[in-house]
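A short write-up of the structure that comes next.
FYI, it's all coordinate maths here, none of it is from the lab. Note that the structure is a prediction, hence the values are computed from the model and not measured. Quick reminder, even Gly has a Cβ in these numbers, built from the backbone with ideal geometry, and neighbours come from all protein chains shown.
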Amino acid sequence: MIALVAAGTLVRPGVAVAQGTEGHEREWRRLTLEEAERLALESNRSLTAERGRAEAEAAHAEAAGAFRWPVIAAEAGFSRSDDPVAAFGTRLRQGRFAEEDFALPTLNHPDAVEDWGGALSVRWGALDATRWAEMSAARHGARAAELVLGRATEATVFQTRILYLDAVGAQARLQASLTAEEAARSTARIVERRLAEGLGTEADVLQAEANLSGAEAVTVAAERELQDARGRLALHLGLPSGTQVVQADTSLAVVPMNPVETFRSEPGLRSDLGASLERQEEAVAGAERATAARLPTLEAFARLSSHAPEVFGTREGNVTVGVQVSVPIFSGGALGAAADEARALERVARAEHEYRLEAARTEVEESLRAVEAARRAAVASDAARAAADEAYRLMGRRFEEGMATTTELLQTEARAAELRTRAVDARVRYHQAEARLTFALGTPVDPPAEFDP
């Protein structure tokens, strides 16, 4: 198992990792993986935007169903007109039409008439098949948005795990490079001592110093990679720019022997596939709406109005009630074209859902293979690292006894350092592959009630 040390011990004295690019001190946040996931669900900006879209879809669905209730409106207004028709009608509505108002000069050239009017109207158009279809489509759209949000939530957790593991891996690589640097420094001291004892050459010293400088350069690069990985994680978590997230979970767990057996082999109906089904049903409802547009619609209405010559004058009331039936007769081909478009979109939605389902199955199969391959690679890399460390230890003893050259020692040391880093990378890849498999399997959901395969 690869042992990792706490983050605070990884950086050598003098390395200004606590300073930002402009010299400002960084904000440090020490988080466990669980805390990081929780913070991402609260603050990730992409997930916040997805929540807003889901809320908008839900509001749209609610608005689409409002037609089932009558629409009640109140009106109030004032008008003044000397238009003959308006003046005649206003006097009539106010109930103050007199015999002298029939005089031709008065009819043709009336004085301006003022009217203070008010009304209360009710309209109810629930007997409209197109609106019912629109409501069904909107509900499926809202449910799809809700499921998309669920998948986005899973993706946020998945991405958090990947970035957290990237940071843990960068920290482990830095530890490995620090170990390699210390080994190179130790070798350089041994070579210098052998030179002083007359058992070495200047070339051996230069070779050891070059090896040490190379190890120091690797450490500097590893320090930068660790800061970059922490910065990317902080951005994903919605933290301010410049924040450095320190990983509290710094150990890569032992790779299990048969991890694949703990997973399902089918994606089921995960959230994004459920959303795809809802979009399919939304397209079906759209086709039903296009068909329903050919049907007659029925709307009932009522209106209570009052008119008076002064704002607080005696009012004359009027009541109007009625029913209106509309039947489309000729639309210039628009209704037929709309129906053809809706049916085509329905076919598209069905085809896309079938593709997404097959793609999900393929993704799960690939993820299963990736987990098993990564497990084997991690086990092999761990064995190679252990062998290389032991080889370096033995070569060091041989070198001390004068039975190995400086070149052989340095080669063995470099190989051990390389295999330590490879072992870290292999373990990180395994755990990331496991996270990808979990994400590929997803959280199963129930299909829409209206869906008929």
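Below, the figures for the structure above:
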quantity	calculated
Stretch gain in nm, segment Val323-Ala221, where the contour uses 0.36 nm per residue and the Cα spacing is subtracted	28.8 nm
Dipole of the range 38-85, positive direction: furthest Cα of Ala64, Asn44, Ala76, with charges on the beta-carbon	Asn44
Trypsin sites (Lys or Arg not before Pro) restricted to DSSP loop in the range 185-244 with at most 11 other C-beta within 10 Å	none
DSSP-loop GluC sites (Glu not before Pro) across the range 299-397, with at most 11 other Cβ within 10 angstrom	Glu310
DSSP-assigned coil residues among chymotrypsin sites (Phe, Trp or Tyr not before Pro) in the range 312-389, each with at most 16 further Cβ atoms within 10 Å	Phe312, Phe330
Dipole magnitude (debye, nearest 20) for the chain, charges at Cβ of Lys, Arg, Asp, Glu	940
Using alpha-carbon coordinates, inclination of helix 129-196 to the longest axis of the chain, degrees	20
Given [x] -1.00, -1.17, -1.25; [y] -0.88, -1.13, -1.25; [z] -1.45, -1.95, -1.87, the label whose value is log10 I(q)/I(0) by the Debye sum over Cα atoms at q = 0.11, 0.13, 0.14 Å⁻¹ derived from this model	[x]
Global form of the range 331-443, assessed from the alpha-carbon gyration tensor, a/c cut-off 1.5	prolate
